[in-house]
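Everything below concerns the one structure shown next.
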Amino acid sequence: MRIALIGYGKMGKEIEQIALSRGHKIVSIIDINNIDDIDSEEFRSADVAIEFTSPAVAVDNYKRCFKSGVALVSGTTGWNSQWDEIKTIVEKEGKTFFWASNFSLGVNIFFALNRYLARIMNHFPEYNISMTEVHHTQKLDAPSGTAITLAEGILENVEHKDKWVKEVEESANELAIHSIREGAVPGIHIINYESEADTITIKHDAKNRRGLAMGAVLAAEFTCGKKGLLGMKDMLTF
């Protein structure tokens with residue numbers, strides 16, 4: 001498979017190593033200093049582009065990639081206020097877009113566990129729910145896309161919570177997400193159910209970026225030759 005990379009930071013370099021080890025070819029690398037190369041013949045020759053950049057530039061990257069006719073896999077978060085616009089382009093113009101807030105297999109198992117626990121705890125409103133997420137200081141969006149996905153999984157299954165808020169809840173219907181940015185932490189997500197009697201906690205602690213990078217390459221392999229909006233639920237069976 002011929003892969004183009006959009007974003008060549010730590011994640012981009014990790015993805016490159018894994019892709020090469022799986023027999024794929026990197027035909028184009030787009031970074032901040034050569035963004036116009038997204039219009040090049042080399043980029044257009046790719047079967048799939050994998051994008052990890054920042055929320056400020058992600059949507060423009062998507063549009064330019066769509067214009068080039070290359071299927072796109074992205075793990076950039078923090079741009080979701082423009083989701084409807086991207087969804088419309090993909091559906092109306094027959095583009096291919098695989099997006100996930102987190103490509104890690106372990107995190108997606110954690111997503112499933114989170115939804116399952118939330119369905120159980122819906123019967124026990126005496127437990128208040130809160131979340132803490134910790135990431136490295138270079139992560140720009142807060143809360144993280146992974147935390148938002150976790151929050152959505154709770155809100156879909158717990159009747160007495162109907163929205164998430166940053167840091168501190170002001171009413172019982174709110175789910176507070178506390179964000180910490182420190183050091184070089186790849187990502188920690190903790191969900192607490194707390195009552196007067198006890199606390200139930202589930203936690204995912206990423207050791208490094210390799211799980212994310214491997215998931216992104218697997219998503220690219222899955223996406224190749226497909227059309228439409230795709231995500232981890234399409235690729236995984238649980």
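The values are calculated or read from the model by the stated rules, or taken from the named source; none is laboratory data. The shown structure was predicted, so the numbers you read here are calculated from the model rather than taken from an experiment. Ideal geometry is used to build each Cβ from the backbone, glycine not excepted, and the neighbour counts take in all protein chains shown.
Quick notes on this structure:
- Filter result for residue 104 (more than 21 Å from residue 214 (Cβ to Cβ) and not basic (Lys, Arg)): no
- Residue under evaluation residue 237, criteria (1) free of Cβ contacts under 8 Å to residues at least 12 places away in the same chain; (2) touching a Phe, Trp or Tyr at 6+ places or on another chain (Cβ under 6 Å), criterion not met: (2)
- Qualifying helices (runs of 4 or more DSSP H) (wholly inside segment 128-238; at least 3 residues being surrounded by 21 or more Cβ atoms within 10 Å (Cβ to Cβ)): 145-155, 210-223
- Residue 79 in contact with a Pro (Cβ under 9 Å, 6 or more places away or on another chain), surrounded by 15 or more Cβ atoms within 10 Å (Cβ to Cβ) and either modelled with pLDDT of 95 or more or of a type in the set (A, V, I, L, M, F, W, C) (or both): yes
- Neighbours by Cβ (under 7 Å, 6+ apart or cross-chain): first from segment 88-111, assigned to a loop (DSSP other than H, G, I, E, B); second of a type in the set (Phe, Trp, Tyr): 95/66
- On the stretch given as segment 44-66, residues that are without any contact (Cβ under 8 Å) to a residue 60 or more places away in the chain and either crowded, with 21+ Cβ neighbours inside 10 Å or on the phi > 0 side of the Ramachandran plot (or both) total 8.
- Residue in segment 23-35 that is under 16 Å from residue 220 (Cα atoms) and outside any strand (DSSP E or B) present: yes
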